[in-house]
Amino acid sequence: MSSPTYPFLSDEWVEAARALRSEYEGRIPEPPASVRLNTIITDSPHHDGPLHGHIDTTRGEIIIDEGHIDAPDLTVTVDYATAKAAFVARDPQAVMQSFLSGKILVEGDVMKLMALQSAQPTADAVEMYERLDAFTARD
C-alpha cells in the first residue's frame with residue numbers, strides 16, 4: 001500500500017513536513033551559518049496570493065515555518081516551481097538557472113544565503129529529504 005501524497009505547500013503537505021521535521025529533531029547537525037531569512041513564494045496553486053514564510057537558524061537548528069520574522073538578514077522571493085526545485089527536489093541546476101534568469105530575487109545579505117547553502121547533507125538529512133519527496137505529489 002502506498003503512502004498518501006500531498007501537493008507541495010498545501011496545508012496537508014505543510015503538516016506532514018512539520019511532523020517529519022519533529023521526527024528528525026536532534027538528528028540533523030547544526031546549520032553552517034546563523035541566518036534569519038524571510039521567504040515569499042508566488043504563484044502557488046494552493047493559496048490566494050503569495051505565501052510568506054521564514055527560515056531561522058539562529059538557535060542552532062533549522063526552523064522553517066509560515067509567516068515572516070522581524071529583522072531578517074535577507075528576504076528571498078521565488079515562484080512556486082523554483083521553491084519546489086529548491087526545497088523538495090533539491091535540484092541545484094534548476095535553482096541556478098532560476099537565479100540567473102531573475103526568478104529568484106534576493107534582498108539583503110546574499111553572503112548569508114551562500115553560507116547556509118554550503119552545508120554537506122548527512123545521511124539523516126538525505127533520508128529526511130527522500131521521505132519529504134516521497135509524500136510530495138507530482139503536480
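Numbers below:
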| quantity | calculated |
| --- | --- |
| Which of 63, 41 is most accessible, then next, and so on - probe 1.4 Å | 63, 41 |
| The chain: radius of gyration and largest Cα-Cα distance (Dmax), Å | 14.5, 46 |
| Stokes-Einstein D (µm²/s) once Rh is taken as the Kirkwood radius of the range 61-114 over alpha-carbon pairs, at 10 °C in 1.306 mPa s | 131 |
| For the range 8-15, 3J(HN,Hα) per residue [Karplus equation, 6.51 cos²θ - 1.76 cosθ + 1.60, θ = phi - 60°, Hz, x = Gly/Pro] | 3, 6, 5, 4, 5, 5, 4, 5 |
| Per-residue HN-Hα couplings for the range 93-102 [Karplus 6.51, -1.76, 1.60; θ = phi - 60°; Hz; x = Gly/Pro] | 5, 5, 5, 4, 4, 5, 5, 5, 8, x |
| Karplus 3J(HN,Hα) series, Hz, for the range 63-74 with 6.51 cos²θ - 1.76 cosθ + 1.60 (x for Gly, Pro) | 9, 10, 8, 7, x, 8, 10, 6, 6, x, 6, 7 |
| Per-peptide average of other Cβ atoms within 10 Å, ordering 16-25, 46-55, 80-89 highest first | 80-89, 46-55, 16-25 |
| FRET efficiency estimate (nearest 0.05) - Cβ-Cβ, residue 110 to residue 61, R0 22 angstrom | 0.45 |
| For the range 58-127: accessible area per residue (Å², 1.4 Å) | 64 |
| Segment residue 130-residue 42, extension gain: residue separation times 0.36 nm, minus the distance between their alpha carbons | 29.2 nm |
| More than 16 angstrom apart: percent of Cα pairs within the range 89-139 | 59 |
| Full-extension gain in nm, residue 52 to residue 120, via 0.36 nm per residue minus C-alpha separation | 21.8 nm |
| Part-to-part distance (alpha-carbon centres) for the range 102-125 and the range 39-55, which is given in Å | 19 |
| Ellipticity estimate at 222 nm from DSSP helix runs (n ≥ 4, -39,500 (n - 2.57)) divided over the chain, nearest 500 | -10500 deg cm²/dmol |
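The values are calculated or read from the model by the stated rules, or taken from the named source; none is laboratory data. On a predicted model such as this, the values are computed, not experimentally measured, just so you know. Glycine also receives a Cβ, built like all others from the backbone with ideal geometry; neighbour counts cover every protein chain displayed. Quick note on the areas: whole protein, heavy atoms, side chains included, nothing else; ligands and nucleic acids left out. Shrake-Rupley method; radii C 1.70, N 1.55, O 1.52, S 1.80 Å.
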